[in-house]
Every structure is written in structure tokens, then in C-alpha cells.
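In what follows, a single structure is set out as C-alpha cells and then discussed.
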Amino acid sequence: MANQKELDDTYMGTAILHSMLSKAVRAKVGAILVTKQGVTLSGYNGTAIGRPNACEEEKPQPFPNKPMLVTKPEVIHAENNAILKAAREGVSCIDATLYVTLAPCVHCSAMMLQAGIKRVVFLHKYRDDSGTELLKEAGVLVQQYDKLYSKDQMKTIIYVADSYAKAKSKFNSLVEHCQSNKIEVTFSSERLTVELTSVTCRFLSLSDNNNHIIKGMHIDKIVFDESSTISTNTKSLLNSRLRS
């Protein structure tokens, strides 16, 4: 099963590929909408169906003495195209994540709020940050892709317990010690993946059968519950993945 970083990389990569389909000259933007059920819908900036593909028009300028390309007011932004496609196909956007190559403007952000989108990941900043500020004020998780998994923002904590219930009871206290709202927490228990609003939380059975997963981890901290039992092999492997 793919982890959250792998999913974020894949969906943002797909948004970048879709941006190349845009006929815009000034800025090519792509977006991928991912519902909580994993349904994906794409969009890129362009004109409405049946309209000419040109996204800009030339406007005369007094200085310098040459026309300037201006985006047509009818052009639909990438994220709105993805949301409109969802509406046309009867797909709910409630609690969805939207990946977009350019941070949304305030009008697109307002539409995202109305659609029920709960997380937005953008690649490049827009010249005006009023859109992302609107989303943050409304409680939407807004993240810049390039900073999403930088070492100073992402913390991985391993809590080893002998049951799912005990692991989950420790979750809030672990988060409080991280000084960050972007945390990956892996517990030794029976569940595979649980996603929360501001953190990524994976419930993983730390048996020798899952050692290949541990080998791909970069761990900041390990906490062992007093009653936990774990093989010497797995314990040594965990310690070998601690960041220096």
C-alpha cells in the first residue's frame, strides 16, 4: 500500500502532466482532485467546451508601444475545471484533496470551500496569497508541495505497543511533543493506514514480515511501551533507521 508521500508525489506529478495540456501562453496550470474514496478527476486552465482554445488576447498598450497578452475573462482555472468535472459526473468533493501546480486565486478558493475540499497542495505560489489565506481561515489544510516533506517540517515517530487501542491512546501526547502539524506516526498494531486532517498516521504491525517497510523509513524518535514485545531483529532495524 502506498504511503502518503508516495501518493502526494504521484498526484502532483499527474497535475504537472495535465498542465502541459493547457493552451495558455502566460501560465499553464494543472490540477488533480482526489476524493476521500480515491476517485481522481483532472483539470487544466482553458476555455469552455466548444469555445476557441486561445486563452489570451492582445491588448494595445500606450507604453511600451506593443500589445500585451491578457488572459480572457472566460478562461476557467484548472482547479475549477476539476471541480466542475466532478459536478458533471456526480462525484462528491466533500473532504477531498486538491493538487494544483499554481496556488489558487481567491475566487477559486471560495469555490473550493463551497465544494467541501479539506486539503489543498500547491506547487508554485500565486502572485496574490489572498486565496490561500481564505482557505486557511476556513480551516482547510493548505500545504506547499516543495516544503511538505522537508526535514525541518516532517517528523516520524515510532511508538511500539502491543495493541491498537494502546497505540491510539498515545497518539495525542506524541503529537504534542513534535512542535509541528506535519507528522508521520507509525504505531505497532493491527491497522495499516489512518489519515487525519493535519497529520499522517500509519498503524503498522511491526513483525519481521514488514521489515521491508521499515527499511524505507527515516525515523526521528522511537518510543517503546513498557509491555510491548518485539523481535530483536526488528528492534535493531528500527534503531538503524534513526536520523543522525
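The values are calculated or read from the model by the stated rules, or taken from the named source; none is laboratory data. Predicted model only: the values in this text are computed from it and were never measured. So basically every Cβ, Gly included, is an ideal-geometry build from the backbone, and we count neighbours across all protein chains shown. What goes into the accessible areas is simple: the full protein's heavy atoms, side chains included, and nothing from ligands, DNA or RNA. Shrake-Rupley method; radii C 1.70, N 1.55, O 1.52, S 1.80 Å.
Can you work out which of the residues in segment 28-41 that are under 13 Å from Ile76 (Cα atoms) and of a type outside the set (Lys, Arg) is most open to solvent (accessible area, probe 1.4 Å)? Looking at residues that are under 13 Å from Ile76 (Cα atoms) and of a type outside the set (Lys, Arg), I get Val29. Looking only at residues of segment 1-27 that are without any contact (Cβ under 8 Å) to a residue 40 or more places away in the chain and charged (D, E, K, R), we find that the one that is least open to solvent (accessible area, probe 1.4 Å) is Asp9.
Cys108 satisfies every condition listed in (1) under 14 Å from Val29 (Cβ atoms); (2) in contact with a Leu (Cβ under 8 Å, 6 or more places away or on another chain) except (2). Considering segment 218-238, and only residues there that are assigned to a loop (DSSP other than H, G, I, E, B) and out of contact with any helix residue (DSSP H, G or I) (no Cβ under 9 Å at 6 or more places or on another chain), the residue that is most open to solvent (accessible area, probe 1.4 Å) turns out to be Glu226. Look at Pro64 and say whether it is modelled with pLDDT under 90 and touching a strand residue (DSSP E or B) at 6+ places or on another chain (Cβ under 9 Å). Spelling it out, it is not the case that Pro64 is modelled with pLDDT under 90 and touching a strand residue (DSSP E or B) at 6+ places or on another chain (Cβ under 9 Å).
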